[in-house]
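Following: one structure in structure tokens, then a few remarks.
A short reminder: the numbers here are calculations on the coordinates, not readings from a lab. Keep in mind it's a predicted model, so treat the numbers as computed, not measured. Cβ sites come from the backbone with ideal geometry, for glycine too, and all protein chains shown count toward neighbours.
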Ligand SMILES: Cc1cc2nc3c(=O)[nH]c(=O)nc-3n(C[C@H](O)[C@H](O)[C@H](O)COP(=O)(O)OP(=O)(O)OC[C@H]3O[C@@H](n4cnc5c(N)ncnc54)[C@H](O)[C@@H]3O)c2cc1C
């Protein structure tokens, strides 16, 4: 099945899993609506866990940004639905929302539900409201509470849910959710252990630009075959973190691949200590960025900022790029000058902190217009720091370049 159909299949599966609870509304009452919302909420949180598992979602697509969009949408709006569940249940059973009694099984079940709901509210607030103000890794750690919330909600549902007390389709289905949650969790742990990832050995390291380390890796066993512009997760040790990096070079014959990693924070800086001979774990390939370059109709213009050059290196090597506008701080921040000069691309650079006798320059639409006329006749590929990307995209749109001719990749998932 083509990737496009698989994406549609995933959407259909999500929607039909929710529609399956509709029979509960055959006799609409405050209680029945409350129970329906509770089960829909449970189902949505199950989907959040499933969509967070790369081993599972790669069955549907390698477009992790698309998966991420669905994950964000479900997370943001799903909670607003779930919010009505406790309200309706409190009203239906005339419960005291401030009671923390544990004297009966029902009380215990309700308390578990309250704990799960509070955790969910914290994650929702951190993601939907505070996301841009929180340090990325703290937000990520908080997000992992999702793995605790689902079993708590399942426990809550089995203890208090009147629909789950008797054997029937709903009980069977929720049991299926519990089992598949167990499988997803096991896969996630295997992933973390490096077991499900491809093993690669570092054969060479070099410094193509300031604070950038290139790691050349050869496969030990199973190798990945990335298309140009794709990325993979790089994990330096078992039970360690895995971060996404573009595969900047690839040799089809040997399977050798390279990552060019800029030290920007704790993880990327720690990688500079890796030595030749060490084994790392690679999960990929993912991504669809630059896919349009394969069947390009218009001349291609690359706008890269700093380490944002990496998705284009293999395209430059293949001589498929017409124009390259590269913004960096200094000449030492320009990576892979040799690849650039031996490509067929017309190359223009802008240095924001040039040597003393030059003026600072930035890649702007005006800067580009000095080299090419009629921007609407080109396809643009933009990758770099968020501020630069936002500004240049705004400027291109203001100059009537159709959005479908502007392709971007942000280095944050
Ligand atoms: C598709 C993609 C391709 C990338 N390609 C490259 C590349 O070729 N070379 C390169 O140097 N960098 C690349 N990056 C960026 C790289 O992933 C981050 O710089 C790195 O993960 C930062 O981690 P840190 O702990 O060093 O810094 P932090 O200070 O923890 O993070 C800096 C920023 O990086 C992002 N980030 C951090 N961790 C992750 C993560 N696990 N998943 C997604 N985003 C994260 C967040 O936006 C965060 O604010 C790419 C990112 C993405 C999403």
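Against the main long axis of the alpha-carbon atoms of the chain, helix 386-398 sits at an angle near 80°. Specify the residue with the greatest mean-square fluctuation among 327, 305, 109, computed from a Gaussian network of the chain linking alpha-carbon atoms under 10 Å apart. Fluctuation is largest for 109. The spacing between the stretch 240-288 and the stretch 2-23, judged by their C-alpha centroids, is 34 Å. Here the extension length gained between residue 187 and residue 362 equals 58.5 nm, from 0.36 nm per residue of separation less the Cα-Cα distance. Label sites at residue 20 and residue 96, each approximated as a point 7 angstrom past Cα along Cα to Cβ, lie 3.9 nm apart.
Let me check against my output: what whole-number percent is the relative contact order of the stretch 3-192, with C-alpha pairs under 8 Å and at least 6 apart?
For the stretch 3-192, the relative contact order is 24 percent.
Given R₀ = 22 Å, FRET efficiency for residue 58-residue 270 by Cβ-Cβ distance, to 0.05? Computed FRET efficiency for residue 58 and residue 270 comes out at 0.25.
Helix 105-124 sits at what angle to the longest principal axis of the chain, using alpha carbons and giving 0 to 90 degrees rounded to 10? Approximately 20 degrees, to the nearest ten.
Calculated FRET efficiency, residue 352 and residue 404, Cβ-Cβ r, R0 25 Å, to nearest 0.05? Intermediate results must be reported in sequence, preceding the final value.
Values: r = 30 Å, r/R0 = 1.20.
Here the calculated transfer efficiency is 0.25.
Springs between Cα atoms under 10 Å define the GNM used for the chain, and in it the highest mean-square fluctuation of 42, 142, 190 occurs at 142. Between 0 and 90 degrees, the angle of helix 64-82 with respect to the longest Cα principal axis of the chain falls at about 30 degrees.
The calculated P(r) of the chain, using every Cα pair and 20 Å bins from 0, goes 23, 47, 25, 5, 0 in percent. For the chain, the relative contact order works out to 11 percent when only alpha carbon pairs closer than 8 Å and six or more residues apart are counted. Ellipticity at 222 nm from helices only: DSSP H runs of n ≥ 4 in the chain, each -39500 (n - 2.57), divided by the residue count, give -13000 deg cm²/dmol. Annotation: the residues 267, 77, sorted from fewest to most other C-beta atoms within 10 Å of their own C-beta, follow the order 77, 267.
A Förster distance of 45 Å, applied to the separation of the beta-carbon atoms of residue 371 and residue 227, puts the FRET efficiency at 0.95.
Going highest first, how would you order 196-209, 158-171 by mean Cβ packing within 10 Å?
Per-residue Cβ counts within 10 Å, averaged per peptide and sorted highest first, yield 196-209, 158-171.
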